[in-house]
Amino acid sequence: MKHILLLATGGTIASRPTAAGGLAPAITSEELLACVPELADLCAIDAVQLFNLDSTNVGPAQWQEIVRSIRENYAAYDGFVIAHGTDTMAYTAAALSYMIQNSAKPVVLTGSQKSIYNRDTDARNNLYRAFVYAVSEGAWGVQLVFDNKVILGTRARKTRTRSFDAFSSIDYPETAVFRDTRLIPFLRRPAELPPVQFYDQLDPAVFVLRLVPGMRADIIPLLAPHYRAIVLESFGVGGLPGGEQGKMFAELRRWCDSGRLAVFTTQVPHEGCDLAVYEVGRAVGELPGVLEAHDMTPEAVAVKLMWALGQTQDRAEVMRLFETPVEIDII
Ligand code: ASP
């Protein structure tokens, strides 16, 4: 029988109504397991309560705590299931994908849209399926299990705020799907995996700026004292208002001349960006210090930058790390 470690971190799955009327995490890892007694037939389980937070309050410090716990327990278990809030689960999935690379053992995130004590909850189903995937043959790497899908950590995105079918795999097939109780795998663990590699350093000095028509360029110098990298969520396949003659171009050139980094991505949910296509994008794409996010998800872009900035102060090396595909984040 496989041995899995459950890491409980809070989220709706572990929430109860508070006296003030909102939902807040309160249910422990042991209580979660007691709600799904069938798990005992599947595998041996130990549980730790890392923290009990709404995932709106989960960020780099908590990602480091999760990674520390998995690293310490890596040899002792066959896999890991993390119960987590859904709101920032895609960020945590991306973060763990960069901080735990080449893991032959599965690290599976799950959560739910309704508390595990709700009569019509999706929590028991999701928790059970997360364990089914974790003990399955060929399971590997950081994955998110939700509703009937298993999704790679670098490709997951929350695309619905209320439905049980809350997560999508962006521009890539699901790792597996559930048809009723049957798990149907589409992707399996690569035959040759280098040894697992853990990283613990992150630098959160990353700002994401969503462009809107008419936006003033003087926002960019205001950010410079606080951030090493800016992500510009541009339009379509990518461009900068005003093109090469515009004020934004001049500010971005100054930003890059100061040794900072700018990454272009798109507001369009699918198929990524390519600055070389239009005149409004071509020149900015050629500035030293400007990168493109290709077809990475917005969550993966922001977190990969934090991870790359955490490894080195050298901009060229940060750019190299960002451009190198990790766990199928760039297709
Ligand atoms: N606010 C909750 C959280 O992210 C939402 C959920 O878990 O579905 O922790």
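Normalised by the number of residues in the range 1-110, what is the relative contact order in percent for Cα pairs under 8 Å and 6+ residues apart?
This gives 36 percent for the range 1-110.
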Exercise. Treating only the Cβ atoms of Lys and Arg (+1) and Asp and Glu (-1) as charged, compute the dipole magnitude of the range 230-307 about its Cα centre; round to the nearest 20 debye.
Key: 320
Quiz item: Against the longest principal axis of the chain, how steep is helix 60-73, in degrees 0 to 90 to the nearest 10, with axes from Cα atoms?
Solution: 50
Self-check item: Tail beyond 15 Å, pair distance distribution of the range 250-322 (Cα, percent)
Solution: 55
Quiz item: Out of the DSSP beta bridges found with both residues in the range 1-67, what percent are antiparallel (nearest 5)?
Solution: 30
Quiz item: Let a ≥ b ≥ c be the square roots of the eigenvalues of the Cα gyration tensor of the range 12-119; is it rounded (a/c under 1.5), or, if not, prolate (a/b larger than b/c) or oblate?
Solution: oblate
Quiz item: Who wins for biggest fluctuation among Asn57, Asn126, Asn102 in a Gaussian network model of the chain, springs between alpha carbons below 10 Å?
Solution: Asn57
Practice problem: Considering only DSSP beta bridges where both residues belong to the chain, give the percentage that are antiparallel (nearest 5). | Solution: 35
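For the chain, what is the number of Lys pairs with C-alpha distance below 23 angstrom, counting only pairs 8 or more positions apart or on separate chains?
Qualifying lysine pairs in the chain: 8.
Compute the relative contact order of the chain as a whole-number percentage, counting only Cα pairs closer than 8 Å that sit 6 or more residues apart in sequence.
15
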Exercise. Compute the long axis of helix 298-311 from its Cα atoms, compare it with the longest principal axis of the Cα atoms of the chain, and write down the angle in degrees, 0 to 90, nearest 10.
Key: 80
Quiz item: So, in Å, what gap is there between the alpha-carbon centers of the range 23-72 and the range 189-259?
Solution: 33
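May I ask you to work out the translational diffusion coefficient for the range 125-202 at 37 °C, viscosity 0.692 mPa s, via Stokes-Einstein with Rh from the Kirkwood sum over Cα pairs, reported in whole µm²/s?
Here the translational diffusion coefficient equals 244 µm²/s.
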Quiz item: Sorted by average packing, counted as other Cβ atoms within 10 angstrom per residue and highest first, what order do 132-143, 3-14, 36-47, 305-316 take?
Solution: 3-14, 132-143, 305-316, 36-47
Exercise. Please grab the % of Cα pairs in the chain that end up more than 37 Å from each other.
Key: 21
Quiz prompt | Most fluctuating residue given options Gly272, Gly153, Gly236, as computed from a GNM of the chain linking Cα atoms under 10 Å | solution = Gly236
Quiz item: From Cα coordinates alone, what are the radius of gyration and Dmax values for the range 216-263 in angstrom?
Solution: 10.4, 29
Quiz prompt | Nitroxide proxy distance, nm - points 7 Å out along Cα→Cβ at Ala34 and Tyr278 | solution = 5.8
Practice problem: Averaging sequence separations of C-alpha pairs under 8 Å and six or more residues apart, then dividing by the length of the range 92-192, give the relative contact order as a whole percent. | Solution: 25
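Read the figures in this text as sums done on the coordinates, not as results from a lab. Keep in mind that what you see is a predicted model, and the values were worked out from it rather than measured. Cβ atoms come from the backbone with ideal geometry, glycine included; neighbour counts cover every protein chain shown.
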